[in-house]
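Below is one structure, written out as structure tokens, with a few remarks after it.
We did not get these values from a lab; they are worked out from the coordinates using the rules stated. Owing to the predicted nature of the structure, the values given are computational and were not obtained by experimental measurement. FYI the Cβ positions are ideal-geometry reconstructions off the backbone, even for glycines, and counts take in every protein chain you see.
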Amino acid sequence: MDDVFEPAASDTRAVFLRDVLNGLSKPQKSLPCQYFYDAAGSELFEQITELPEYYPTRTETAILNTHAGDMAEALGRDVLLVEYGAGASTKTRILLDALRELAGYVPIDVSEEFLLHTAQALRADYPELPVYPIVGDFMTRFGLPQDSQGQPVGFFPGSTIGNLNDDEIVQFMTAARALLGDQSQFLIGIDLRKDASILIPAYDDAAGVTAKFNLNLLTRINRELGADFDLGGFAHRAIWNDDASRIEMHLESLRMQSVHIGDRTVSFDAGETIHTENSRKFTIDSLLPLFEQTGWILKKNWLDEDRYFAVLLLSAT
Ligand SMILES: C[S@@+](CC[C@H](N)C(=O)[O-])C[C@H]1O[C@@H](n2cnc3c(N)ncnc32)[C@H](O)[C@@H]1O
């Protein structure tokens, strides 16, 4: 498609294979969580957002609905909204409706098919709005589309920042500061620390949708890399790691087994896990040093009544 900006021409299958083999060679096997999001993974994530146990989406949506007017006022006119990990852009619509004289919208996502479908739906619903989808990894450097105009403003909802460790947050925020520029602002949704009795069900729901989402990673590796993971041999686990203040998702091998990926064989002991995702739960204060060292300062924040979730407005310093 001619309206899609590809930041780097690379062999995505080779990169995927390299990342999978690297991750599965570590003492604690792991897989990068961005690979959850093929078309099926993005659909499953949308189902997760509707689950009764999954409080983050409805809480952040309520914060946006309540304070969109304030946010729009703080962001000003002529905004070029740049969204990292846009997914279905559902929450974005709240901002698009509140912002005045929008200059454009740049959704960035690794999930190509889903992103293009979202962009098409937005163009139909907002015919005046220039939409410039970027397919790619937001951890890599890329530029804004050449013909885009307006004052760049970052948007990073969904507490996707919670998937990153401190070093990755520094890398990400530094790159965002360089991309968005000296006058920019950044709206970031963060999930706050709360009791494990609320957190664990949010990542291990009764209907088993999160389990399907986690296991879909193995289905994807089988399909795209010709591997032979037996999905019945692995089970979804969600663990609260209090010291690291994060929910960890793992896939646990239910027996001793070997899996073939290309010409490599990967062995699993019974009970051994593949660590597939971290979802960090923050306090606002714990993030401020990381923001400050990367050229951002907290300007305002909005929380829900239960203090489950926060939307932060940062300003470039
Ligand atoms: C937790 S979902 C959030 C979706 C949506 N923004 C929301 O708030 O509901 C994470 C989204 O980020 C995308 N994503 C994850 N890692 C990414 C990366 N490294 N680069 C670009 N997109 C990424 C996924 O495809 C997915 O759409």
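By definition, a body whose alpha carbon gyration tensor gives a ≥ b ≥ c is oblate when a/c is 1.5 or more and a/b is not larger than b/c, and region 187-227 fits this oblate description.
Is it possible to state the helix-based mean residue ellipticity at 222 nm for the chain, with each DSSP H run of 4+ residues giving -39500 (n - 2.57), the sum divided by total residues, to the nearest 500 deg cm²/dmol? What is it? Could the numbers behind the result be given before it?
On the way: 9 runs with 118 residues, N = 317.
My calculation for the chain gives -12000 deg cm²/dmol from helical runs alone.
What ranking do 263-271, 227-235 get when scored by the average of other Cβ atoms within 10 Å per residue, highest first? Please list the in-between numbers first.
Working: 263-271: 12.1, 227-235: 16.2.
Ranking, from highest mean packing down: 227-235, 263-271.
The residues Ile48, Ile297, when put in order of fewest to most other Cβ atoms within 10 Å, stand as Ile297, Ile48.
Relative to the longest principal Cα axis of the chain, at what angle does helix 284-293 sit, 0 to 90 degrees, rounded to 10? In the chain, helix 284-293 runs at an angle near 80 degrees to the longest axis. Among Val311, Val131, the ranking by other beta carbons within 10 Å of each residue's beta carbon, starting with the fewest, stands as Val131, Val311.
Out of the DSSP beta bridges found with both residues in the chain, what percent are antiparallel (nearest 5)? All intermediate terms of the calculation are to be shown ahead of the outcome.
Details: 34 of 54 bridges.
Of the beta bridges lying entirely in the chain, close to 65 percent run antiparallel.
Taking a point 7 Å out from the Cα of Ile239 in the direction of its Cβ, the residues of region 189-222 whose backbone N falls within less than 18 Å of it are 196-197, 199-205, 211, 214-215. Along region 193-198 the Karplus relation, 6.51 cos²θ - 1.76 cosθ + 1.60 evaluated at θ = phi - 60°, assigns HN-Hα couplings of 4, 7, 5, 4, 5, 8 Hz to successive residues, with x for each Gly and Pro.
Packing, taken as the mean count of other beta carbons within 10 Å per residue, orders the peptides 237-243, 64-70 from highest to lowest as 64-70, 237-243. Applied to region 265-272, the Karplus parametrisation 6.51 cos²θ - 1.76 cosθ + 1.60 on θ = phi - 60° returns per-residue 3J(HN,Hα) values of 10, 10, 9, 10, 7, 5, x, 6 Hz, with x for Gly and Pro. Calculate the FRET efficiency for Glu50 and Asp125 from the Cβ-Cβ distance with a Förster distance of 30 Å, rounded to the nearest 0.05. In this case the efficiency is close to 0.90.
Taking the mean number of other Cβ atoms within 10 Å as a proxy for protection, how do you rank 81-92, 16-27 from highest to lowest? Could you put the intermediate results ahead of the total?
Working: 81-92: 22.8, 16-27: 14.4.
Answer by packing, highest mean first, reads 81-92, 16-27.
Between Arg93 and Arg193, the simple spin-label model (points 7 angstrom out along Cα→Cβ) gives 3.6 nm.
How much length is gained on full extension from Gln28 to Ser286, taking 0.36 nm per residue of separation minus their Cα-Cα distance? Present the calculation step by step, with values, prior to reporting the outcome.
Numbers: separation 258, 0.36 × 258 = 92.88 nm, distance 2.66 nm.
Once the chain is fully extended between Gln28 and Ser286, it gains 90.2 nm.
The convex hull defined by the C-alpha atoms of region 226-317 has an orientation-averaged projected area of 9.5 nm².
Taking amide H as placed 1.01 Å from N in the peptide plane, the amide H of Leu254 sits under 5 Å from that of Phe234, Ala235, Gly271, each at least 5 places away or on another chain. Charges were assigned to the Cβ only: +1 to each Lys and Arg, -1 to each Asp and Glu. The resulting dipole of the chain about its Cα centre is roughly 380 debye.
Taking only C-alpha pairs under 8 Å that are 6+ residues apart, what is the relative contact order of region 1-141 in percent?
On the way: 171 pairs, mean separation 37.4, N = 141.
Once normalised by length, the contact order is 27 percent.
Full extension of the chain between His117 and Asn165 gives 14.3 nm of extra length, using 0.36 nm per residue less the Cα-Cα distance.
Note on region 1-159: with charges restricted to the Cβ of Lys and Arg (+1) and Asp and Glu (-1), its dipole about the Cα centre is near 540 debye. Here r is the Cβ-Cβ distance between Ser315 and Asn222 and R0 is 51 Å; the resulting FRET efficiency, rounded to 0.05, is 0.65. Restricting the GluC sites (Glu not before Pro) of region 277-317 to loop positions (DSSP other than H, G, I, E, B) with no more than 14 neighbouring Cβ atoms within 10 Å leaves Glu305.
Add +1 for every Lys or Arg and -1 for every Asp or Glu among the other residues with Cβ under 13 Å from the Cβ of Asp269, and state the total. Present the calculation step by step, with values, prior to reporting the outcome.
On the way: positive: Lys29, Arg255; negative: Glu252, Glu272.
That works out to 0.
When the dipole is taken about the Cα centre of region 250-292, and only Lys, Arg (+1) and Asp, Glu (-1) are charged at their Cβ, what size is it in debye, to the nearest 20?
Working: 4 positive and 7 negative charges, 21 e Å.
The dipole magnitude comes to about 100 debye.
Calculated FRET efficiency, Ser258 to Arg307, Cβ-Cβ distance, R0 = 30 Å: about 0.05 to the nearest 0.05. The ranking of Arg123, Arg13 from fewest to most other beta carbons within 10 Å of each one's beta carbon is Arg13, Arg123.
Once the Cα-Cα distance is subtracted from the 0.36 nm per residue extended length, the Glu272 to Ala74 segment shows a gain of 66.4 nm. Helix 112-125 and the long axis of the chain differ in direction by around 30°, with both axes built from C-alpha atoms. Each listed q (0.07 Å⁻¹) maps to a log10 I(q)/I(0) for the chain, found by the Debye formula over equal Cα scatterers with no solvent: -0.28.
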